[in-house]
Structure formats: C-alpha cells, structure tokens
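Each remark here refers to the structure printed beneath this line.
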Amino acid sequence: MLRHPNIIQAEDPTSLLRAVEVLGNGGVVAIPTETVYGLAAAVNNPSSLNKVFSVKGRPTTHPLIAHLSSFEQLHEWAKDISDDAATVASACWPGPLSILLKKSDKLLFAVTGNRDTAVFRVPANDFTRRLIDATQVPLAAPSANRFGKVSPTTAQHVLDDLGSDVDLIVDGGPCTIGVESTIVDFTCNPPQLLRPGGIPQEDIETILGKALQGQQGESRASGMLQSHYSPSCQILIANDLAHANDLLSHQQTIGYKTRIVKFSGNLPIYASTLYSQMREADTDGLDSLIAIKPGQQGLGLAILDRLLKASAPRI
Ligand code: TXA
Ligand code: MG
C-alpha cells in the first residue's frame, strides 16, 4: 500500500470527506477512474479549475471533460441531447465513453475553453461517482499527468508526475481499462469519432445501428496533437513479432537499451499495461521500446492511436 501524506485509499472511511473538503477549498484531487486517473475540480469552482490548468501545465483553451454521476445529471449541464446521444450514453454509462454536446448556460466557459460545446462522461468507479454526488456538481478532470506526457494508471504514477502540486490523491488501485475514454461528437449526424478509446467504435455502432463518421484531419481534441502521450524513450512500432525481434537485435547492435512491450496477444491486457510499460521503460533508462502493432478491431484502434502519438517526432 502506498503511503504518502497526500495519498488516501479510496476505501478509507475519511476519503470522501477529505476530497470534498479539498475541492471546496479551491484545491485539486486526483481521482481514480476505469480509464486513467483524473485531476479533478468542481465545475463551479474557478480557483480549482485554474489550479487544474496550472498544475498540468495545460493551456486554458484546452477543454476539460465534465464527469457526471449519472445519465440523468446530463440534462442540467448539456442541451439539445439527441436521441442518438441518449441511446449510446444510457447503454455505455458508467463506462469509458465521452460524448460531445452543446453545453447548458450553467456550465462555466472555464471548463470548455470558451467553447459552447462540452464533453461529458460517467466514470465506472464507485468512489468517484460518490464524490460527484457529494459535491453536487460534475467534476472537470483531465488526465492527471503533466501536459503532453503519458497518462497515469496508478496513484503512484500521479505522485511521480505531480508530487505535492496535487492536494490529494485518492488511490483506487490500478485502472482496469488503461487508455482514455472514446470521445464521440453528437452535435453532428452521423455522430463523429473524435478519439478512439476504451469503448470500441464497433460497439458504439452496434448500439446506434449505424456507422460513425471517422476521425478527420485536424481534430479538435488536444489528445490528437502530435507527440501527445510521450515517454522519454523512443517508441518503435513493429508490424509483427518477427519484425519486433529484428528491430530488437538491430537496436542492440547499435548499443541501445531496448525491449519489446509484453501483452500476451491480448488487447485488454495490452491497453491496461501500455502506459505503465512506457513509464517503466523510462525508469529503467531504456533508449527505445518496441511495440507490436495491434489489429484495428476492439481496443486495437485506441492502442495504435496512442502508439502513433508516442512515436511521433517531438514538437
Ligand atoms: O478517460 C478519459 O477520458 C480521462 C479520464 C480522466 O476521464 N480523461 C481525459 O481527459 O482523457 P483529457 O483532458 O486528457 O482529454 C480530454 C479530451 C481532450 O483531448 C480535449 O481536447 C477533448 O477531450 N475535449 C473536451 N471538451 C471538448 C470540446 N468541447 N470540444 C472538443 N474537444 C473537447
Ligand atoms: Mg490527457
């Protein structure tokens, strides 16, 4: 168990009260979700919202996801909720789906980077949903890492990245999904995939009974910037195991410290361990890390997206 003055276990009987207190006093709390840890502020607290941007080092024009405790809460914070949005959200929530809608007048522009749209999701973590109920407003939360770096999937990762800049870290154990949520824009028809993530595109299309528009060129989501999700070591993408072994021996021949990402041929394991394997590669001082390109079904699309971002040249 992780011990640090800023860390509390989710199951500690005082965790909820402490988190509510920090949020009420203008602080920020790292919260567990099934995808990655978030850095939370109550959506009606401008001091906490400012602190999220400053701790992350994120430009204030980059919008945050508003986390709700239930589908019903959406009506207060969003407007023009289409039937498609309602169908998909009620089928997938709680879960790793985020939806883009028009925001209601009640939601501060500080959350949405001055846009009239906002992204919402209901996370599948009991502590976090109880915290949202206790604060009585949604929690705005980007991933709890410094801007442009790999998202945290354990409380230790958050501590390693943000240290005492975060007022409280609630340890809910390792994230089960391990990649960020899928983001779908429901302000257009057909709805458009903005970011592949924890819920496969095909699952959403089955629920909807129609195809989503794919991602297009320049995305509006900050996670789409080149060289997002970057570890310090170089990420090399191999087509298959034979190619990965070739790359491994070549890297070793030129004197590089390297290894191949392990995933046992299983996409959920690949997704849930990818970010921690990237972090371990940096801790172990590797020059490069070799990842085998997944198939594009299921979680494969989200994994490949993160691998491409991590392997992109640094800007
Ligand atoms: O799984 C997740 O989605 C995690 C956990 C903590 O919930 N959160 C997360 O947040 O990945 P973040 O801030 O790292 O990524 C949110 C993405 C950003 O790329 C942001 O630009 C996009 O959502 N986004 C949020 N509101 C938007 C809006 N109104 N228009 C376009 N993109 C938006
Ligand atoms: Mg992020």
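The values are calculated or read from the model by the stated rules, or taken from the named source; none is laboratory data. In this text, all values refer to a predicted model and were calculated from it rather than measured experimentally. So basically every Cβ, Gly included, is an ideal-geometry build from the backbone, and we count neighbours across all protein chains shown.
I need a count of the residues in segment 114-137 that are out of contact with any Ser or Thr (no Cβ under 8 Å at 6 or more places or on another chain) and either farther than 19 Å from GLY172 by Cα or aromatic (Phe, Trp, Tyr) (or both). Of the residues in that region, 4 qualify. List the number of the failed condition for ARG121; all other conditions in (1) charged (D, E, K, R); (2) under 20 Å from PRO96 (Cβ atoms); (3) more than 9 Å from ligand 1 (Cβ to nearest atom) hold. Here ARG121 meets the rest and fails (3). Has segment 50-65 got any residue that is of a type in the set (Ser, Thr, Tyr), buried (at least 22 other Cβ atoms within 10 Å of the Cβ), at negative phi and within 16 Å of ligand 1 (Cβ to nearest atom)? No, that holds for no residue. Restricting attention to segment 163-184 and to residues that are surrounded by fewer than 24 Cβ atoms within 10 Å (Cβ to Cβ) and at pLDDT 95 or above, the residue that is farthest from LEU274 (Cα to Cα) turns out to be ASP167.
I'd like the full set of residues that are in contact with a Ser or Thr (Cβ under 9 Å, 6 or more places away or on another chain), within 13 Å of ligand 1 (Cβ to nearest atom) and not aliphatic (A, V, I, L, M), limited to segment 138-169. Result: PRO138, PRO142, SER143, ASN145, PHE147, GLY148, LYS149, SER151, PRO152, THR153, HIS157. Restricting segment 6-38 to residues that are assigned to a strand (DSSP E or B) and β-branched (Val, Ile, Thr), the residue that is surrounded by the most Cβ atoms within 10 Å (Cβ to Cβ) is VAL29. Taking the criterion of being farther than 23 Å from SER47 by Cβ and either among the aliphatic types (A, V, I, L, M) or within 16 Å of ligand 2 (Cβ to nearest atom) (or both), the residues of segment 124-151 that qualify are ALA124, GLY148, LYS149, VAL150, SER151.
Being under 26 Å from GLY163 (Cβ atoms) and near ligand 1 (Cβ under 10 Å from one of its atoms) narrows it down to one of THR128, THR135, so name that one.
Residue meeting the stated conditions: THR128.
In the set ARG18, ARG58, ARG3, only one residue is within 28 Å of VAL179 (Cβ to Cβ) and not aliphatic (A, V, I, L, M); that residue is ARG58.
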